[in-house]
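The structure appears below as structure tokens.
The values are calculated or read from the model by the stated rules, or taken from the named source; none is laboratory data. Since the structure is predicted, the reported quantities are computational estimates derived from the model, not experimental observations. A quick note on method: Cβ atoms are made from the backbone with ideal geometry, for glycine too, and the neighbour counts reach across all protein chains shown.
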Amino acid sequence: MKVLFIGGTGNISSAVTSLAVSQGIDLYLLNRGRRASTVPGVTTIVGDATSMRTNTQLLSHTWDAVVNWIAFAEEDVQRDIDVFAGKTGQYVFISSASAYQKPPAHPVITESTPLANPFWEYSRNKIACEQRLMSEYRDTGFPVTIVRPSHTYNTVIPAVLGGWTEYTIVDRIRRGQRIIVHGDGTSLWTITHAEDFASGFAGLLGHERAIGQDFHITSDETLTWDQIHQALAEAVGCEPDIVHIPSDFLARCDDHLRGTLLGDKAYSVIFDNTKIKTYVPGFCARIPFRAGIKRTIDWFEADAARMVVNQSTHDLIDRILGHFDRASGDFAR
């Protein structure tokens, strides 16, 4: 099977790249060459995804599947429709589970949960991409499959403040500084290791019955946000000093948090993975967060250049804590 990944070297896609090659897939990666794949057996096509029509090497192929890991706007998927119609047996769009209805009418999320997010432009753009692709599928048979990852980690730290590509939250934990957990810390959340995601995703490649279908792929492990941060602190051998702050308060302090909290992580959700398990019977998430986050911390600490401590993030956290301390004091009086 000959497959093209547009992207393929990121937090989630790198794990899929490794698994796909190990399964014997003839895999090509289209990227700008800024982050080379370290997976032996991959063929890299250096190019700009926004000008694929000019890439003769790309256009000379017919693909069994094309996966776009870096499409974020309707114009991105329209460009792919124009380029790959009649050139691929399957087109996989990487959407986001944040596209599901916010706030959710029910905490159990299935693929039939409505798509609606008034809080986060990122999610609304993903919804628009999905709608355009499904319209093309209905009108012309464009062979789309939609996949919605949720909070997936491997080479990122899945914390709302001070994490992701930063090491700032670990720095605060090690120093005994306070960290922020939104809400009261008891809302439920699902975090998925990229290698587990990959095992479900790879089973969809070339799957004829997956055409015209949508899937989320997540772990079945459900944790509270306090448990998530406690596991993170345990991975670095410390106790976390957690301060609980309401999500709407955090959103007022920093507009960026409006999307990621009110548009996603502020609500308890439990993902029903029945559909992906039906289409990919061997899929099972096997890496518990307590073990997976230790692997992630080890990855960060294997290279000092990865351990990015951002002073502006420290300042933001301290500023929010100051606002909350003052507001709490006024309330107590």
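A few notes on this one:
- Within region 16-25, tally of residues that are touching a residue at least 24 places away in the same chain (Cβ under 8 Å) and surrounded by 15 or more Cβ atoms within 10 Å (Cβ to Cβ): 6
- Asp248 meets the conditions (1) surrounded by fewer than 16 Cβ atoms within 10 Å (Cβ to Cβ); (2) in contact with a Gly (Cβ under 9 Å, 6 or more places away or on another chain); (3) not in a loop (DSSP other than H, G, I, E, B) in every case but one. The failed one is (2).
- Arg124 falls short of the stated requirement of being in contact with an Asp or Glu (Cβ under 6 Å, 6 or more places away or on another chain), at pLDDT 95 or above and either surrounded by fewer than 21 Cβ atoms within 10 Å (Cβ to Cβ) or of a type in the set (Val, Ile, Thr) (or both).
Yes or no, residue by residue, for (1) surrounded by fewer than 12 Cβ atoms within 10 Å (Cβ to Cβ); (2) of a type outside the set (Asp, Glu); (3) under 15 Å from Pro158 (Cα atoms):
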position: Arg290; (1), (2), (3): no, yes, yes
position: Thr296; (1), (2), (3): no, yes, yes
position: Trp299; (1), (2), (3): no, yes, yes
position: Gln311; (1), (2), (3): yes, yes, no
position: Asp315; (1), (2), (3): yes, no, no
position: Arg319; (1), (2), (3): no, yes, no
position: Gly322; (1), (2), (3): yes, yes, no
position: Ala327; (1), (2), (3): no, yes, no
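- Cβ separations smaller than 9 Å between residues 6+ apart or across chains give the following pairs from region 169-186 residues that are hydroxyl-bearing (Ser, Thr, Tyr) to residues that are modelled with pLDDT of 95 or more and assigned to a loop (DSSP other than H, G, I, E, B): Thr186/Ser268.
- The set of residues from region 112-121 being crowded, with 17+ Cβ neighbours inside 10 Å and out of contact with any Phe, Trp or Tyr (no Cβ under 6 Å at 6 or more places or on another chain) comprises Leu115, Asn117, Phe119, Trp120.
- Hits in region 222-247 - residues which are among the charged types (D, E, K, R) and either within 26 Å of Asn273 (Cβ to Cβ) or modelled with pLDDT under 95 (or both): Asp226
- Among residues of region 83-141 being hydroxyl-bearing (Ser, Thr, Tyr) and touching a helix residue (DSSP H, G or I) at 6+ places or on another chain (Cβ under 8 Å), the one that is farthest from Thr274 (Cα to Cα) is Tyr122.
- Scan of region 184-226 for residues that are surrounded by fewer than 18 Cβ atoms within 10 Å (Cβ to Cβ), outside any loop (DSSP other than H, G, I, E, B) and either at positive phi or in contact with a strand residue (DSSP E or B) (Cβ under 9 Å, 6 or more places away or on another chain) (or both), ordered by number: Leu188, Thr224, Asp226
A quick yes/no check of all residues on (1) among the acidic types (Asp, Glu); (2) more than 23 Å from Thr260 (Cβ to Cβ); (3) free of Cβ contacts under 8 Å to residues at least 60 places away in the same chain; (4) surrounded by 22 or more Cβ atoms within 10 Å (Cβ to Cβ):
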position	(1), (2), (3), (4)
Val39	no, yes, yes, no
Asp48	yes, yes, yes, no
Ser60	no, yes, yes, no
Asp64	yes, yes, no, no
Ala73	no, no, yes, no
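- Sole exception among (1) modelled with pLDDT under 95; (2) part of a helix (DSSP H, G or I) for Ile320, by number: (1)
- Taken over region 117-155, the residue count meeting the criterion of being touching a Gly at 6+ places or on another chain (Cβ under 7 Å) and assigned to a loop (DSSP other than H, G, I, E, B) is 4.
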